[in-house]
Structure formats: C-alpha cells, structure tokens
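Only one structure is covered here, and it is reproduced in the block below.
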Amino acid sequence: MNSFFERRYVIQTFFIVMALALLGRLYYIQMVDNQYSVSAKDNVVKKVIDFPSRGTILDRRGVILVQNEPIYDIMVVPREVKAFDTAKFCSLIGIDKEGFYKRWVKALAYSRSLPSPFEKQIPERLYASFQEHLFEFPGFTPLLRKVRTYPDSIAAQFLGYTDEVTDLDIKKSHGYYQKGDYIGRTGVERAYEDSLRGQRGIRNLLVDSRGVTKGHYLNGLYDTSAVPGKILQSSIDSRIQKLGERLMANKVGSIVAIEPSTGEILAFVSSPTYDPNLLTGRDRGNNVAQLSVNPYDPFFIRPIQARYPPGSSFKPLSALIALQEGMITPQTTYFCAGGYQAGNHFVACTHHHGVTDLRLGIAGSCNTYFCNVFDKLMNQNGAQNTRTNFIDWRQKVLKFGFGSKLDVDLPNEVRGNVPSAEFYDKIFNGTRWRSSTFISDAIGQGELLATPLQMANIECIIANHGYFYRPHLIKSIGGKDVIRQEYKIKNDVGIEQLYFEPVIDGMQEVVEHGTAAASQISGIVMCGKTGTVQRNNAKNHSVFVAFAPRVNPRIAIAVVVENSGQGADWAAPIASYIVEKYLRDTLTSRPSGKTPQWIMQQNLLPALKVLSPAAKAAMAKADSVKKIKANSVKSKKGLKSASRKGEKIPQQLTAIQPKRNEHL
C-alpha cells in the first residue's frame, strides 16, 4: 500500500516538473528569446527600409557640386543561410575567402535571426552581375543605398563628407538615426544635416516562410514613402573654385573670395586638397587612412582654421583707425630713411621712401610710416597712458572681425587673435609698457593673427566703406531664401565713410604703380595690398588682399601662399587671375609674365624630413607586428564570441577558414 502511494507521488512529481519545464521554456521563448517571434513575424510581414537620397548641393549658377549614385549593401540573416559555393560568392562581390570568414563571424556575433550588413557599398555595375546569381545564396539580400558623388571633384573641405552613424550618433539623435544610416561629418554636409538627410520610408511586405514576397501588407496602408533631402544652392562659383584649386596645386595655403554686397563666399580653397570622391565607396577606409597621414594635412580647413599674422595687409586698417581718431590726415607725412627705430629695436623698411604721405605709405608698404602712425595712436595722451590707449585701439580692431569667429555656416571655425592688455602685462612683467615694445603690431606682425576668411572680410569692409555682412556659404534651401537672419544684418565698424576714400586711393596705387603692379589686370580697377609675413628661421608667407572693381565692388579676396616669399611674388598674381575670371570669365596676360599655366606647374611645398632606409624598415617592422597582433586578437575574440553563444560555423563555410599562420 505504502509502495503504491510512493509511486503515485513520484509520478505526480515527474509530471509537475515536466509541466513547469514546459511553462518555463514557453516563457523563455515568448518573453526572453526574440528569435522565434522575429521568425514568425517575418513569415508574415517584413519591414523594408527605403533610404532617402541626400539633398543635392549646387553652386551659385546651378552647377551640381554633389549628387547621389546608387550602391548596394549585401545583408545576411545567418539562420537562413544554406550550403552554397563560397568561392563563387566571393568572386562575384569582390572579396577574398579570409574576408568572407571575418564577415561571417561578425554577422554571427550580431544576431542569428536579424539582418546585418555583410558587405557594404557594392557599386551598381558589380551588383548587376551578382544579382543574376542571388537565388543561389539564400539568407543574403540586397539593400539599395545612395552615396555621394562629386562630378567636378572640387571644394572638398567646403562640402565635407558623410559617414555611417556610430552608436553615439544614434544616442544623441534620440533614436532618429538607426544602424546603417549616414550622417554629415564635416563641412556643409554637417552644418546642414537636418536639411540634407531627408526622411526614411518603410515598406511592409507580406512574405512566406521561404522569404518570397507576396505583396504589400494591407495594400500598403502602413507604408511610408522616403522623402529626399532638400536641394542646397551654395554661394560658391565653381569656375573660380576650380581655377583656384589648380593655381594652388602643390602649394600650401588658401583662397577666400566674398561678394561684399551680400557676404556670400564665392571661393573657398584650402590647399593641399583631395578628391572628395575618395571618401565614398568601398575603398573609403583605405583612402581616409592615407589622407590622415599626409604630412601636408589635407583635412585641415585652412580658410577658417589656419591663423597667420596678416602682415602689411593690416596697414589699411591701421590707417582707418588713425584717420577716425584724428591722429593723421591723408596729407600727414613722415620721413622714411629705410626703417624705424623703436627703442633698442630697429624695424627695417623695404625701401628708402623719403617723405611719405598716406597714399605712398600704403602703395609702397612703408613700415616707417605705419610705425610712426601706431606710435602716435598709442601715445596720444602721453606715454604713461599707453595701456589705456592700447585697450581703446584693440576694441576698434575687434569691430573689424579680428580676434573672434565670424560665425560662418561651417563647423570648426577658429578665432583670430588680437592680444589683450593683460597678455602684455604678463609678457612685460607689469602695466608700464610702451608702444616701442610691441611695435610689430603696427605692421600686422607680432601677436596679431587672422584666418584667411577674416582677411577677406576686411576687404569687404573697405569695399563697402564701413560695414560687412557675415560671410556665409548657402544661398537657399529647397529653392527658398532661408538663410539665417544674422547673415542679412549690416555690421558697422565705427569708421566714417569719408575716411575710406584716401585709403582706397592708396590701395589702387598698390596695384597700378606699387608693390603689386606686376599683377595689374588690364581694364579692371583692382584695389589691393600685399603682405609678407615674416617668420623666424623660415621662408616668409606670401599674402595679398584686394577687391574689385573700385566702383560697385563685386569681389573681395584674400590669398595666402605659405613658405613662398613676398606678397607680390605669388599671392598677388593668383588673386588677380581669380578676380579676372569672376568678373570677365577670361584670363589675360600680366606685366609679370606669370601665366596661370606656369603658376599651376610650380611646386612650393615645403621640404619634409626624410627618414633613413634603416629607420623606415624599423617603423615598417613595428607596424607589421602591431597589425598581426591586432588581427590575431580580433579573430580569437570573434571565435570565442560565437562559441559562447553556442554557434557552429556551417560546414560549407569551414573550407575558407584561414590556416593558423596563413596571414603571416
């Protein structure tokens, strides 16, 4: 009897345990493990994302700078993969067997049931041949994408580039972006991301258990169409942008040209540059790596990130402040005997100008004249008030846009520099310093620093007789004039209009009879100023700023060519050709005889330090060892990750697993 009841309890316990196990498994399947729910849903409805085309970017005349071309990502769902010819697959999409194996391990680590990218950015011509054999590779599906293409291969630093979103991008967007989306990283692509990106679309497709599409779920009731990004019309003139990049080939520096009446940037050249098409497609990673180690740093956006002493191009600004303050008149003269003695420091002048007035001072770039003007400004209330006078002078300089960002519609703009009184307090160990100790500020040297964009903006101020519009690069979005309100405001610099004419007289004289006479343009009145940025133990930078024509100016420009000598040597002729191309769409000869073709052929890149063969071999060996160790660690991690999840590499894939030392 007791034996009977004991057996009954054992049987009951067995069934209770079995029931609990089944309930636990059911709970796990429904509440924890999503692979079955995903598979079940995919047997009914599959969501397909339609990625929108990013907005096209045009130049000011409607020429396409950036557009889109179709590419394909090959997606994979590992649980749906069946035996296939891996060698044929690799051949069709252009990868090797080792590459296939690495991609397979990565897909397994991501999910067995969810699709993930197996190979990205396959060009349309390659996909066409792969598509014919797609049925042979179950579990692999194509996803149509669009990537940027650049018809003229110009304006790389201005346009910027796009890149696939990271986890941080997704987090910052509060879920707007999803894995596989692209985002603007630099330039206009980043600054106008919200307008360019468009809106994703969703198609809900009915599929059977074999993945065959049976139509749209509820006849497309819940489908949404992709909305392409908006068209951006930039202010860039592709004609002078292209010419500028060719003139600056094998040179370090930049060109910025602005329309004074609007603040629209006409040219934005940063050199050395690169072909923006290199940052799209399957070779993007390799190209980025090569450009990143380029010693001339093509990713550096020189028009808004490089800072230079403005040199003698600063002298017209000094003259305007002195005229406004009543320290000089156009007829005020100083005697130039070849330099200026500032305390125990002698500032040399390029010539023995003799008696020099304002016009000759600007035309001949007389250091003596402007050192005297600066000294008078700093000591107008007595030498004991130098510090106070300097603070007042600095505030007037800041109004011209020096020392602060101009807030151009591009990311990563840097400030210029106008030294503060506190800075000199530290340098000279107290507050009782004199004008002779920082006389270099008088001629645009010393601690004064400006970006090429700021230099060009100064020319807009002079061309406009006292005001400027903040420089910007976009004219319209989606066919509508929606530029930011701050780009429509006149910014007054506090100089009366009547003081600009004598300064402009001197700038016209610079081009017609002065330091830039060799770059004069026949039939065009151009007003400019050369600058030679002196550097310790290095070759000077060549600088030239200008605007043209004198009456109703249409273009203001700044050119900087590093390590190339005087402003008249390189910057002035380059600027003159940009101005002529913009105003007349032609190029004529110059008194200097320097033709555009000759300038394009000259290599002014500074010499680099060359490593010895032994040092190169040692570095190459070290890099090789690091790569081998990194690849070994990654492979082990991938295998361990798959092993921990209980995944088995399908038999048909084991043949492409690399041998232990094959990568050596």
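Only the coordinates and a few stated rules stand behind these numbers; no lab work does. Remember, it's a predicted structure, so these values are computed and weren't measured experimentally. All Cβ positions, even for glycine, are placed from backbone atoms using ideal geometry, and neighbour counts span all protein chains on display.
If you average 1/r over every pair of different alpha-carbon atoms in the chain and take one over that average, what Kirkwood value in Å do you get?
29.6
Run the quick spin-label model on residue 426 and residue 501: label points 7 Å from Cα toward the beta carbon, then report their separation in nm to one decimal.
Taking the two extended label points, one gets 4.6 nm.
When only DSSP loop residues count, what trypsin sites (Lys or Arg not before Pro) in the stretch 387-448 have their Cβ near at most 12 other Cβ atoms within 10 Å?
432
Compute the distance in nm between two label points, each set 7 Å from the Cα along the Cα-to-Cβ direction, one at residue 414 and one at residue 20.
Placing both labels 7 Å along Cα→Cβ, they lie 7.0 nm apart.
Just the number, please: Stokes-Einstein D of the stretch 46-234 in µm²/s, Kirkwood Rh from C-alpha pairs, 25 °C, 0.890 mPa s.
The Stokes-Einstein estimate is 134 µm²/s.
Suppose the chain between residue 168 and residue 344 were pulled fully straight at 0.36 nm per residue; how much longer would it get relative to their current alpha carbon spacing?
Gain in length upon complete extension: 57.6 nm.
Order of 99-108, 365-374 by packing, highest average Cβ count within 10 Å first?
Those peptides, ordered most packed to least, come out 365-374, 99-108.
Find, among the trypsin sites (Lys or Arg not before Pro) in the stretch 137-221, those assigned to loop by DSSP (not H, G, I, E, B) with at most 11 other beta-carbon atoms within 10 angstrom.
Hits after loop and neighbour filter: 210.
Which trypsin sites (Lys or Arg not before Pro) from the stretch 463-529 combine a DSSP loop assignment with at most 13 other Cβ atoms within 10 Å?
Qualifying residues, ordered by number: 484, 490.
Hey, can you list the DSSP H helices of the chain whose Cα span along the axis is 15 Å or longer and whose average Kyte-Doolittle score is at least -1.0?
TM-like helix candidates: 2-27, 97-110, 367-378, 386-398, 452-463, 500-512, 571-584, 613-644.
So for the chain, averaging the separation of alpha carbon pairs under 8 Å that are six or more residues apart and normalising by length, what relative contact order in percent results?
14
Give me the net charge for the shell around residue 384: Cβ to Cβ below 14 angstrom, other residues only, Lys and Arg +1, Asp and Glu -1.
Once positives and negatives cancel, what remains is +3.
Kirkwood hydrodynamic radius, computed over distinct alpha-carbon pairs, for the stretch 85-162: how many Å, to one decimal?
14.8
Once you've got the Cα coordinates, tell me which of 88/146; 230/480; 120/146; 146/171; 146/214; 405/490 are over 21 Å apart.
In this structure, 88/146; 146/171; 146/214 exceed 21 Å between Cα atoms.
Which of the peptides 590-596, 257-263 is most tightly packed, and how do the rest follow, judged by the mean count of other Cβ atoms within 10 Å per residue?
257-263, 590-596
Classify the stretch 132-199 as rounded, prolate or oblate, taking a ≥ b ≥ c as the square roots of the eigenvalues of its Cα gyration tensor: rounded when a/c is under 1.5, otherwise prolate if a/b is larger than b/c and oblate if not.
oblate
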